[in-house]
Amino acid sequence: MIAFHSPLHQRHAPEFEFFRGERVPCFETPARAELVRAELVSRGHELRAPTHDCTDVLRLVHAEPYLAFLESAWAQWVGLDPRNEGRQPFPSVWPVRTLRSDVEPDDFVARLGLYSMDNGTPLAAGTWDAAKAAADAAASAAACVAAGTRAVFCATRPPGHHAGADFMGGYCFLNHAAVAAQALRISGAERVAILDVDYHHGNGTQSLFYRRSDVLFVSLHGDPRTEYPFYLGAADETGEGPGQGFNLNLPLPAGTGGGAWLAALETACARVAHHRASALIVSLGLDTRAGDPISKFTLARDDFARMGARLARLSLPTIFVLEGGYATADLGAHACDVLDAFEQG
Ligand code: Q9C
Ligand code: ZN
């Protein structure tokens, strides 16, 4: 399979995040994409640098003030104090209900809060470069599929599915799956489906397409009553206005194993098939594996090949986009198991 990858991902390398009240090393590391890249090469997949600039599509997915903030955020941070080069900024105040979110404050950390959903998404010097390269990969994958390629993988990071029109969150900055979907629509696909199999609900992707019937969003994820992102992902979120009926959430309890997960995948695939899309985007989170350090499903190694084989039976041109997955040593194997089973299916 063609896999888009850029070494620019390495420029996004924050050191720590907050976890259970402590500062801990980041779970979302450059090693993740490097190990996936190595496994792709060893299994004979074809690595390609991104071929397309996503800028025009990006403007349709994200709000202009957010893009302007994100692109210059590190320079703004270091501009406050040169010693900030060695410090990570974190938001500390958010415009929740009753507070105003229509004015950009002059204070940098307040602006960071305005454009963040959590304090778990650390910025680094090269965050923009890495996220932009991943979005370029998504646009490149869409061009490939529009030109007739059966399937493409975006071996990119940081992930994207928690990022919304004007906010970052959950280690995500730009929504690459949404960029791929929007790029496919522009290149003539009338209907597109996004299937999100990451452990965490793809709140950003859902919100971007919630009022649209052209892009179906279907997600399998840990029940948000107990799992991140907590405030979106329930089964009663079915779309709004023209998008009514084009959003399907299948929340599953923490502890769910391969059998129940694959049964839910069946329901998800039936909905995708019913959409009669001309292409599928899979938000391929691999944090559903037993032993993932921040997730609570218990899929086994073999379940990833089963997933790939089931997705192949949809018989759709498919773009796989890497999302989460933090059992880093096995990440390449899991990704390639899905892709290899898909290609054999
Ligand atoms: N720092 C993805 O899998 N909470 N994002 C982690 C607290 C956020 C995961 C623990 C998890 C986000 C793309
Ligand atoms: Zn996840």
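The values are calculated or read from the model by the stated rules, or taken from the named source; none is laboratory data. These figures come from a predicted structure and were not determined experimentally. Cβ placement follows ideal geometry from the backbone for every residue including glycine, while neighbour counts extend to all protein chains displayed. Protein only, heavy atoms only, side chains kept; ligands, DNA and RNA dropped before computing areas. Shrake-Rupley method; radii C 1.70, N 1.55, O 1.52, S 1.80 Å.
Okay, here's what the table says:
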item: Test: residue in the stretch 277-297 that is in a helix (DSSP H, G or I), out of contact with any Pro (no Cβ under 7 Å at 6 or more places or on another chain), away from ligand 2 (no atom under 14 Å from the Cβ) and at negative phi; result: no
item: Any pair with Cβ under 9 angstrom, 6 or more apart, that starts in the stretch 319-331 at a residue that is on the phi > 0 side of the Ramachandran plot and modelled with pLDDT of 95 or more and ends at one that is among the hydroxyl-bearing types (Ser, Thr, Tyr) and within 12 Å of ligand 1 (Cβ to nearest atom); result: GLY325/TYR199; GLY325/THR288; GLY325/SER295
item: Output for the stretch 307-324, where each listed residue is open to solvent by less than 10 Å² (accessible area, probe 1.4 Å) and outside any loop (DSSP other than H, G, I, E, B); result: MET307, GLY308, LEU311, ALA312, THR318, ILE319, PHE320, VAL321, LEU322
item: Selection count where residues are within 16 Å of ligand 1 (Cβ to nearest atom), more than 20 Å from ALA177 (Cα to Cα) and of a type in the set (Gly, Ala, Ser), scope the stretch 1-39; result: 2
item: Residue match in the stretch 90-99 (condition: open to solvent by 30 Å² or more (accessible area, probe 1.4 Å), touching a residue at least 60 places away in the same chain (Cβ under 8 Å) and farther than 24 Å from THR205 by Cβ); result: yes
item: The listed residue being at pLDDT 95 or above, in contact with a helix residue (DSSP H, G or I) (Cβ under 9 Å, 6 or more places away or on another chain), under 15 Å from ALA68 (Cα atoms) and away from ligand 2 (no atom under 16 Å from the Cβ), out of PHE173, PHE167, PHE153; result: PHE167
item: Residue selected from the stretch 246-280 under the condition within 16 Å of ARG310 (Cβ to Cβ) and β-branched (Val, Ile, Thr), by the criterion most open to solvent (accessible area, probe 1.4 Å); result: THR267
item: Any hit, the stretch 227-245, residues being within 14 Å of ligand 1 (Cβ to nearest atom), open to solvent by 50 Å² or more (accessible area, probe 1.4 Å), out of contact with any Gly (no Cβ under 9 Å at 6 or more places or on another chain) and free of Cβ contacts under 8 Å to residues at least 12 places away in the same chain; result: yes
item: Given (1) in contact with a helix residue (DSSP H, G or I) (Cβ under 6 Å, 6 or more places away or on another chain); (2) surrounded by 18 or more Cβ atoms within 10 Å (Cβ to Cβ); (3) not aromatic (Phe, Trp, Tyr), number of the condition GLU85 does not satisfy; result: (2)
item: Residue pairs meeting the criteria (Cβ under 7 Å; at least 6 apart or on separate chains; first under 13 Å from HIS176 (Cα atoms), in the stretch 46-59; second open to solvent by 80 Å² or more (accessible area, probe 1.4 Å)); result: VAL57/ILE186
